[in-house]
Amino acid sequence: MGLRRLHRALLRPGVLNLQGSRAGPEVTGPAFPANASANRSSVWFARTGTFMHKSNWLTGLLLGLLLGAPGATLAQSAEERAEAIAEGGQQASDAAADGLAGETGEVVGRLATAEWQEVRDAIEALAEVGDADALPVLRALQDGRLYYDEADRVLVEDAADQSLRDAITGDDVEREGLQLSRPPLTNPIRRSLRPVIGQLQIFADDVQLRRAAAEELADRPQAAILPRLQDALEQETDGEVSRLLRIAVARLQLDDEDAGIRLDAVETIGAIRSSRLKGSLERFLRTDADGAYTEPDAAVRDAARAAISAIEQREQLSRLLSDLVYGLSMGSVLLLAALGLAIIFGLMRVINMAHGELLMIGAYTTFVVQNLFVLHAPELFNFYLVAAVPAAFLVTGAVGIVMERGVIRHLYARPLETLLATWGISLILMQTARTIFGAQNVRIVSPEWFSGSVQLMQGVSLSTSRVGVILFAFFVVGLVWFLMTRTRLGLEVRAVMQNREMAAAMGVSANRVDMWTFGAGAGVAGLGGVALSQIVNVGPELGQAYIVDSFMVVVLGGVGNILGSVTSALGLGVFSKFLEPVTGAVLAKILLFVAIIIFIQWRPQGIFALKGRSAED
Amino acid sequence: MAQARINRIAGLHGPAGWLLFLLAVAAVLVLMPVLNRVVSPESIFHVPNWMLTLTGRFLCLALVALALDLIWGYTGILSLGHGAFFALGGYVMGMHLTRNSYADGGVPNFIQFLGVSEWPWFWVPFQWFWFTALMILLVPGVLAFLFGFFAFRSRVRGVYFAIITQALTFGMMLLFFRTETGVGGDTGLTNFQTLLGFSVRDADTRLALYLVSALAVIGGYLACRYIVTSKLGRVLTAIRDAESRVRFTGYNPLRYKLFVWTLSAMLCGVAGALYVPQTGVINPGEMAPAQSIEMAVWVALGGRGTLVGALAGAGIVNGMKSYVTAVHPDLWLFFLGALFIIVTLFLPRGVVGLFQRVRGEGGRS
């Protein structure tokens with residue numbers, strides 16, 4: 001079971017992107033659109049309805065939060081379903097196939113055999129027929145979901161609900177009483193399946209599928225399908241797919257006998273400037289033992305040289321750009337993690353060591369909201385993030401207010417004690433999360449629209465979740481700015497922070513302002529948690545990794561200065577991204593710490609020193 | 001009156017207190033070994049070897065608490081980075097132990113993974129014990145001196161200082177987690193064989209380590225007591241209570257703070273060096289910020305500003321930790337968390353303060 005889940009998790013399109021995005025520039029992965037069919041949603045609803053259909057959202061939330069162990073098991077099954085929804089798109093394309101046309105149907109019928117040679121021949125025949133409708137059958141074969149019965153009917157099993165349907169006629173088939181066998185799936189068959197699926201897929205109607213197929217072909221083109229590639233290239237309307245196809249074609253043409261075609265291919269590559277073809281071009285410039293070029297034609301060699309330098313230029317540019325973009329992305333994560341602290345520590349001067357745990361609560365709230373959507377409104381699953389944002393703000397804000405009223409307000413005059421008490425709170429919160437949700441990381445599935453990737457330019461693509469986090473960071477900064485400068489609460493907060501006694505004398509209830517400030521800061525931390533839940537693992541120790549970083553951001557930016565925190569977070573992100581390739585991630589972080597400590601020596605007030613009377617205490 | 005006041009600040013005592021002190025020393029130095037060695041294993045008074053080693057480890061932690069109390073309780077500087085000094089002392093000792101466990105010319109795996117078959121240069125001198133002993137004091141001491149010099153010079157105080165010390169230990173932890181640093185990466189140093197030619201697993205060596213730890217704590221206590229009751233100690237207390245006023249009176253707080261800060265780090269280094277052979281392992285986890293904060297709660301629970309309180313706090317918290325993690329491992333963090341909150345809210349002067357209140361001689365000073 002564990003292995004299968006791992007396998008599935010790795011196969012899931014978003015996952016590889018996500019991990020790649022931490023290490024460096026990533027490749028555009030295949031992404032499948034979500035159009036989970038309504039009838040499957042109702043199946044879930046019926047299944048879950050037996051034990052939860054009458055409870056409303058609030059009780060559901062309470063259930064999730066309060067019922068330790070049952071909550072966790074419920075959460076687990078919900079997680080799996082969330083995953084299934086996210087995978088939905090892939091199976092939806094299976095369901096789309098209604099019967100198969102004459103020749104394709106005939107060849108698919110030949111799959112009903114126990115001989116692997118016959119299966120292989122049938123696959124090759126399907127490749128020749130070139131009908132994209134045969135794709136679901138081939139994919140079912142690849143996943144071991146293809147069966148045939150005693151009447152030699154070829155049956156496809158639905159990945160989601162295990163129902164069977166006839167591959168040729170498209171009719172549903174009752175499983176009862178059938179003697180099912182699987183066609184053999186040996187390694188040679190697997191090997192021949194992949195390219196065939198790929199080349200059929202480039203004719204698919206769905207752009208995402210075509211892109212995935214073209215990606216595969218650009219990496220491993222096969223000489224045999226060159227004519228089909230050229231056909232596909234002519235029909236192709238999508239820019240990215242046709243670029244990939246041109247790479248595949250050019251790569252094949254590099255080996256052509258005709259020097260003219262080789263030259264064309266090299267020039268095409270120079271125009272596309274795709275770095276993955278640099279290696280193939282360098283081959284032309286190699287010399288053999290006698291010092292003669294392996295490539296006889298001088299024009300081709302010159303073109304190759306020009307193309308290589310063009311590619312290298314592009315590579316440099318894209319490296320610079322991607323470092324910058326990744327730095328910004330990392331910086332905005334830091335910013336989201338630190339903004340809440342910038343309010344609580346920056347404005348109230350309360351050292352809140354439980355800040356990391358507020359992030360964690362925000363992330364777990366996202367998890368609970370996700371599961372509530374799966375259980376109660378699977379058809380709206382894609383929008384759970386939208387609901388998670390206010391939910392996380394309110395839940396963490398409430399936790400913050402409880403902390404402030406219960407403990408912190410008694411300690412305002414004693415900052416060091418506040419530090420220790422909030423550390424104690426953080427331990428309790430961490431252990432509470434562990435008790436409710438288990439010590440393992442919980443699985444958060446990004447909604448479909450949040451798990452693809454966005455290509456900024458060739459070679460620089462960023463997963464959508466990273467882009468989303470950057471945008472979300474701006475949103476949260478805007479929110480904080482609005483809260484602080486455009487609301488009565490903000491006015492009172494600033495008044496109390498500047499001169500507590502005077503504000504109190506003017507009728508501001510300083511005590512209450514403290515409470516709301518702390519609540520708002522905690523709520524903003526919760527928003528940071530929502531963002532983190534989409535890009536890092538969510539577990540009880542989530543917050544621990546961010547606490548020191550957050551303090552560094554706030555101290556560097558200047559305590560009490562939110563704009564300073566924004567600058568320092570983004571600056572730290574970009575700086576460490578440029579440092580990382582030279583020193584490695586860990587050393588980069590240590591160097592940054594040292595740099596910050598030295599910087600504070602030089603400018604104790606942070607980047608932007610406050611000016612005026614309130615600056616020095 | 002003044003003398004009585006100093007005594008109270010020091011958490012010390014008149015003749016009766018000295019008697020108690022001697023009794024405690026006797027219990028630790030004589031009674032425990034006797035119960036371990038002379039009393040037969042069947043007797044309920046017998047102290048098994050594991051308990052002796054456990055007590056030895058607690059004594060090392062008590063020394064850390066003393067060191068932290070010196071800097072926090074008396075000078076008012078909260079350090080959340082003492083785990084780094086403790087671990088550095090431990091690493092120095094661990095390097096000596098590892099170096100001599102491979103005396104036949106081999107090198108441990110983590111060095112082979114770096115692609116070399118010989119000890120890196122910085123490992124070489126650790127084969128000598130005298131060098132190791134020097135380094136146990138110097139490595140934490142020099143680091144603390146440099147760090148303290150820059151921090152105190154620019155008058156980083158209070159919570160800001162606490163946070164940068166936390167960043168210090170966090171950064172050190174990251175550094176030591178790297179395999180390339182050459183001290184064992186995330187597994188740290190373990191599999192120690194011999195110390196000064198004796199097997200570290202031997203019961204006799206264990207007993208000797210216990211006794212050395214006990215002597216270190218007693219020595220540390222007396223040294224700290226000497227400092228806090230001296231004129232120097234009064235300046236430290238003055239810095240804690242009103243640093244600006246001390247400066248205006250003509251003292252330069254930098255020197256005093258730097259001295260006591262460095263001394264405190266060295267004491268931690270000694271504690272770490274004695275701790276490691278008794279646990280048999282040192283890894284970067286000891287530098288985790290959480291470890292250092294936990295140290296602060298030992299002192300806070302016992303009662304900061306009293307040396308006895310620091311010792312008692314270390315004993316109480318670690319004793320509870322051993323018990324609770326053995327019986328209800330899930331509850332320990334709740335327990336520790338609640339301890340932090342309760343101590344800060346209701347026991348600002350710790351357990352010692354509680355006693356003083358009961359005896360009616362406490363009150364706000």
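Going by average Cβ density within 10 Å per residue, which order do the peptides A:136-145, A:241-250, B:47-56 take, highest to lowest?
Order by mean packing, descending: A:241-250, A:136-145, B:47-56.
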Candidate aspartates and glutamates for bridging to A:K589, where Cα separation is under 18 Å - those fewer than 8 sequence places away on the same chain excluded: A:D323, A:D549, A:E580, B:E180, B:D186
Among B:C60, B:Q278, B:A223, whose Cα lies farthest out toward the positive end of the dipole of chain B, if unit charges sit on the beta carbon of Lys, Arg (+1) and Asp, Glu (-1)? B:A223
Give me, ordered by chain and number, the residues 5 or more places off B:V200 or on other chains with an amide H under 5 Å from its own placed amide H. B:T194, B:L195
Determine by what factor the alpha-carbon radius of gyration of segment A:185-268 differs from 2.2 N^0.38 Å, reporting the quotient. 1.11
Could you tell me the distance between the Cα centroids of segment B:216-285 and segment A:147-185, to the nearest Å? 78
Per residue of A:354-365, what is the mean number of Cβ atoms on other protein chains within 10 angstrom of that residue's Cβ? 0
Cα convex hull of chain B: mean projected area in nm², to one decimal? 20.0
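Tell me, in nm to one decimal, what length is gained between B:R245 and B:D202 on full extension, where the rule is 0.36 nm per residue of separation less the Cα-Cα distance?
Extending this stretch completely gives an extra 10.0 nm.
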Applying 1/(1 + (r/R0)^6) with R0 = 41 Å to the Cβ-Cβ distance of A:Q498 and A:V207, what FRET efficiency is obtained, to the nearest 0.05? 0.15
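What average number of partner chain Cβ atoms lie no more than 10 Å from the Cβ of the residues making up B:173-179?
Working: counts 2, 8, 5, 0, 1, 5, 0.
Partner-chain Cβ atoms within 10 Å, mean over residues of B:173-179: 3.
Which of the peptides A:433-440, B:137-144, B:248-255 is most tightly packed, and how do the rest follow, judged by the mean count of other Cβ atoms within 10 Å per residue?
Packing proxy ranking, top to bottom: B:137-144, A:433-440, B:248-255.
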Sort B:C224, B:C268 by Cβ crowding within 10 Å, fewest neighbours at the top. B:C224, B:C268
5 Å is the cut-off here: which amide hydrogens, built 1.01 Å from N in the peptide plane, fall below it relative to A:S453, excluding neighbours closer than 5 in sequence? A:T464
Which whole number gives the average count of other chain Cβ atoms within 10 Å of the Cβ atoms across peptide B:325-336? 3
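Read-outs: derived from the displayed coordinates by stated rules, not from any lab. All values derive from a computational prediction rather than experimental measurement. Every residue, glycine as well, gets a Cβ built from its backbone with ideal geometry; the counts of neighbours run over all protein chains shown.
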